[in-house]
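The values are calculated or read from the model by the stated rules, or taken from the named source; none is laboratory data. Predicted, not measured: the structure shown is a model, and the values here were computed from it. Cβ atoms come from the backbone with ideal geometry, glycine included; neighbour counts cover every protein chain shown.
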Amino acid sequence: MSRIGKKPVIIPANVTVDVAAGNVVTVKGPKGTLTYGFHPDMILKVEGNTVIVDRPDEEHLHKSLHGLTRTLLNNMVVGVEKGYSKELEVNGVGYRAEKKGNQLVMRLGFSHEVIMEEIPGISIEVPGPNKIIIHGIDKQVVGQFAAEVRGKRPPEPYKGKGIKYSTEVIRRKVGKTGGKK
């Protein structure tokens, strides 16, 4: 039995979970509503203030989907209750970020400004010129958007310039020595 899959998903008092036909799950909470269609073979049961995920048999596909389904469902519950956020740092001389309307405008050492539109389900906060915080209720969307922002100028190992996650550690390399042979 899957260690993660057999744990029940606890539903907080201010969150509701509805399982419709075809395993379409709708989770409503104070931050918003998320809907996701899970694999039809998975068995989802709402019992009181918990959701129990079960699998029909010991087939390899069902074993793989068991823990995944439970984790995705738990991420939905946590997202509508508390939300998710990713924090990015902009490092480099002249590198900065600012928010204009619903756009994230970044100066990253190119000859032009890099502009990214705020997508639905995401809110961008720029508390300082070197810090970007991305908020949302869908963990996958928040992570994907943060990865796209980071991908505009990933950190390089020699000077550490670029956009990195606040928890990320950049392994630095030693540059040229410049000596003669």
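The table below gives the values:
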{"quantity": "Number of positions in the range 90-140 that are part of a strand (DSSP E or B), of a type in the set (A, V, I, L, M, F, W, C), under 30 Å from Thr33 (Cα atoms) and in contact (Cβ under 8 Å) with a residue 40 or more places away in the chain", "calculated": "4"}
{"quantity": "Failed item, numbered, when Ser85 is tested on (1) touching a strand residue (DSSP E or B) at 6+ places or on another chain (Cβ under 6 Å); (2) closer than 30 Å to Asn14 by Cβ; (3) surrounded by 14 or more Cβ atoms within 10 Å (Cβ to Cβ)", "calculated": "(3)"}
{"quantity": "Unique residue being surrounded by fewer than 18 Cβ atoms within 10 Å (Cβ to Cβ) and within 26 Å of Gly29 (Cβ to Cβ) when the list is Gly143, Gly175", "calculated": "Gly143"}
{"quantity": "Test result for Arg107, more than 16 Å from the chain's Cα centre (by Cα) and not assigned by TED's automatic domain parsing to the domain that holds Leu88", "calculated": "no"}
{"quantity": "Out of Glu156, Glu118, sole residue that is at pLDDT below 95, closer than 30 Å to Thr26 by Cα and acidic (Asp, Glu)", "calculated": "Glu118"}
{"quantity": "Total residues in the range 28-49, condition in a loop (DSSP other than H, G, I, E, B) and over 15 Å from Leu72 (Cα atoms)", "calculated": "5"}
{"quantity": "Single residue of the range 25-71 satisfying the filter (over 21 Å from the mean Cα position of the chain (by Cα) and among the aliphatic types (A, V, I, L, M)) that is surrounded by the fewest Cβ atoms within 10 Å (Cβ to Cβ)", "calculated": "Leu61"}
{"quantity": "Count of residues meeting criterion [surrounded by 15 or more Cβ atoms within 10 Å (Cβ to Cβ), basic (Lys, Arg) and not in a strand (DSSP E or B)] in the range 153-172", "calculated": "2"}
{"quantity": "Breaking point among (1) more than 30 Å from Tyr158 (Cβ to Cβ); (2) at pLDDT below 95, for Asn91", "calculated": "(1)"}
{"quantity": "Residue tally, condition on the phi > 0 side of the Ramachandran plot and out of contact with any helix residue (DSSP H, G or I) (no Cβ under 9 Å at 6 or more places or on another chain), over the range 1-40", "calculated": "1"}
{"quantity": "Single unsatisfied condition, Ser85 versus (1) farther than 30 Å from Pro157 by Cα; (2) hydroxyl-bearing (Ser, Thr, Tyr); (3) in contact with a helix residue (DSSP H, G or I) (Cβ under 9 Å, 6 or more places away or on another chain)", "calculated": "(1)"}
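Results for (1) assigned to a helix (DSSP H, G or I); (2) among the hydrophobic types (A, V, I, L, M, F, W, C), shown as yes or no for each residue.
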| position | (1), (2) |
| --- | --- |
| Ile4 | no, yes |
| Asp18 | no, no |
| Ala21 | no, yes |
| Thr26 | no, no |
| Val51 | no, yes |
| Glu58 | no, no |
| Leu68 | yes, yes |
| Leu88 | no, yes |
